[in-house]
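As structure tokens, the structure follows; a few thoughts come after it.
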Amino acid sequence: DPPRPSPGDTAVLAGLYGPAEAKLSKELPDRTALEVLLRPKVGLPGVLERSREQQLRQTCEAVVLGVLHPRTAITLVLQVLSDAGSLLSCCLNAACMGLLDAGLPLCSLFCGVTCALSPDGTITLDPTARQEQDARAVLTFAIDSRERKVLLSTTKGSCSVEEVRGAGGARGRGAPRRGAGPTPLCLPQMQQCLVAAQRAADTIFQFYRDSLQRRYSKS
Amino acid sequence: QYVPVKGDHVIGIVTAKAGDVFKLDVGGSEPAALSYLAFEGATKRNRPNVQVGDLIYGQFLVANKDMEPEMVCIDSSGKSSGMGIIGQDGFLFKVSLGLIRKLLAPKCEIIQELSQLYPFELVLGMNGRIWVKAKTVQQTLIIVNILEACEYMTAEQRRQALAKFLGK
């Protein structure tokens, strides 16, 4: 009987298949063809799911040693059981645990952390749906386990590209740049979110370690 | 999942006959190929009697990540040395790759203790497949259950379980 998540939690079920024989149209001659399918809780998968699938696929391809299994296909199916906020980071964590459980060769692990930046500047990790809505910007990072480097970074919020680049020039000063467009996200704040996410990643990697220990100690 | 390695002895299930070559499912990412001439005493006139669904115990001649794996049922000197089609009856089941390696270690305690229970035939495939045949179906199933449970039982628990059967 699988453990049921308590109501109000974000839960994603991950199923991993492969390396299996790939269709001729899909097979790559030198590496494995990784495919991610994200199924929402209700309704058919739409454009948002497709974009998430590509983001997850690129993150997974960065860690899976695909060159060891050329001309094969690995399929990762993620089913959203409930969504109470921070869905993308939950999918990232489920994907990594799926890869671990399947025993695929990986060069490192990764975890997903979501940060919500509120209008007054406070950073909230793993925000609820309500907190995500009220926030000025929501950032999701996929952090790798070896050097805590960033594998994926998604930002949703009022932020114009010029301001991010411009803030890059003013990095040393740490003062937010003024400019045209809606409330800009200045780079120091983004870096603060990243640092907070990297610290949170330690807890998640410890959780991976504990789960695996429990799994392999007794049936 | 099992990854084919050259020289490994595995149990394959015949899935197709394509002309002169049999396709075997070995639990890897693609089916392995087995030529009909790769049996002891096989010639173009004297073909082995292999049907779809048969179990074959053979070893890998070619197994790397870039090519389709190829199997043979003879060794380098042309003798079958226990390889070939596995007979009728018996029971095929899957265990983890780690347990197979434990069972294949020399002087494995589990096998020695089981052999005191009933006489039986045992074929171990490195791909995690085990084939067992004992005199009756019941004995076969008992051995299957004990082997599957050996994954998680300590030596002490195993001896207790076997003592129960020996007592009966």
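None of the figures in this text is laboratory data; all of them are computed from the coordinates on show. Computed from a predicted model, the values in this text were never measured in an experiment. In this analysis, Cβ positions are derived from the backbone assuming ideal geometry, glycine residues included, and neighbour counts consider all displayed protein chains.
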Choice from B:V62, B:V72, B:V52 with maximal GNM fluctuation in chain B (Cα, 10 Å cutoff): B:V52
Among B:G98, B:G125, B:G27: highest mean-square fluctuation, GNM of chain B, C-alpha pairs under 10 Å: B:G98
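Jot down the per residue volume, in cubic angstrom and as a whole number, of the convex hull over the alpha-carbon atoms of the protein assembly as shown. Write down the numbers at each step before the final one.
Details: hull volume 77.3 nm³, N = 387.
Output value, Cα hull per residue: 200 Å³.
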Calculated diffusion of chain B, Stokes-Einstein form, Kirkwood radius summed over Cα pairs, 4 °C and 1.567 mPa s, µm²/s: 76
Within a Gaussian network of chain B (alpha carbon springs, distance under 10 Å), most fluctuating of B:S81, B:S35, B:S96: B:S81
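Residues with beta-carbon under 13 Å from that of B:P48, excluding B:P48: net charge, scoring Lys, Arg +1 and Asp, Glu -1? Numbers along the way, then the final one.
On the way: positive: B:K17, B:K44, B:R45, B:R47; negative: B:D20, B:E40, B:D54.
Every neighbour counted, the sum reads +1.
Can you pick out the pairs among B:K23/B:K79; A:K41/B:K23; A:K23/B:K79; B:K17/B:K102; B:K44/B:K135 whose Cα atoms lie more than 31 Å from each other? Intermediate results must be reported in sequence, preceding the final value.
Details: B:K23/B:K79 22 Å; A:K41/B:K23 40 Å; A:K23/B:K79 38 Å; B:K17/B:K102 34 Å; B:K44/B:K135 36 Å.
With Cα atoms farther than 31 Å apart: A:K41/B:K23; A:K23/B:K79; B:K17/B:K102; B:K44/B:K135.
Where the convex hull is taken over the Cα atoms of the range B:91-167, what is its projected area averaged over directions, in nm²?
Numbers: hull surface 18.5 nm².
Mean shadow area of the hull around the Cα atoms is 4.6 nm².
Near A:Q54, within a Cβ-to-Cβ distance under 11 Å, what is the net charge of the other residues, with Lys and Arg +1 and Asp and Glu -1? All intermediate terms of the calculation are to be shown ahead of the outcome.
Working: positive: A:R50, A:R52, A:R57; negative: A:E35, A:E49, A:E53, A:E61.
Neighbour charge sum, excluding A:Q54 itself: -1.
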Formal net charge of residues neighbouring B:V95 (Cβ-Cβ distance under 9 Å; K, R +1; D, E -1): 0
Residue (of B:G7, B:G167, B:G78) at the positive-pole extreme of the protein assembly as shown, dipole from beta-carbon charges: B:G167
Charged-residue dipole, Cβ positions (Lys, Arg, Asp, Glu), the protein assembly as shown about Cα centre, Debye nearest 20: 280
Computed over the range A:24-119: relative contact order in percent, which uses C-alpha pairs under 8 Å that are six or more apart: 34
Only Lys, Arg (+1) and Asp, Glu (-1) charged, at Cβ; the range A:17-86 dipole about Cα centre in debye: 100
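Using a Förster distance of 56 angstrom, determine the FRET efficiency expected from the C-beta separation of A:S25 and B:L166, and round it to 0.05.
Working: r = 58 Å, r/R0 = 1.03.
My answer for the efficiency is 0.45.
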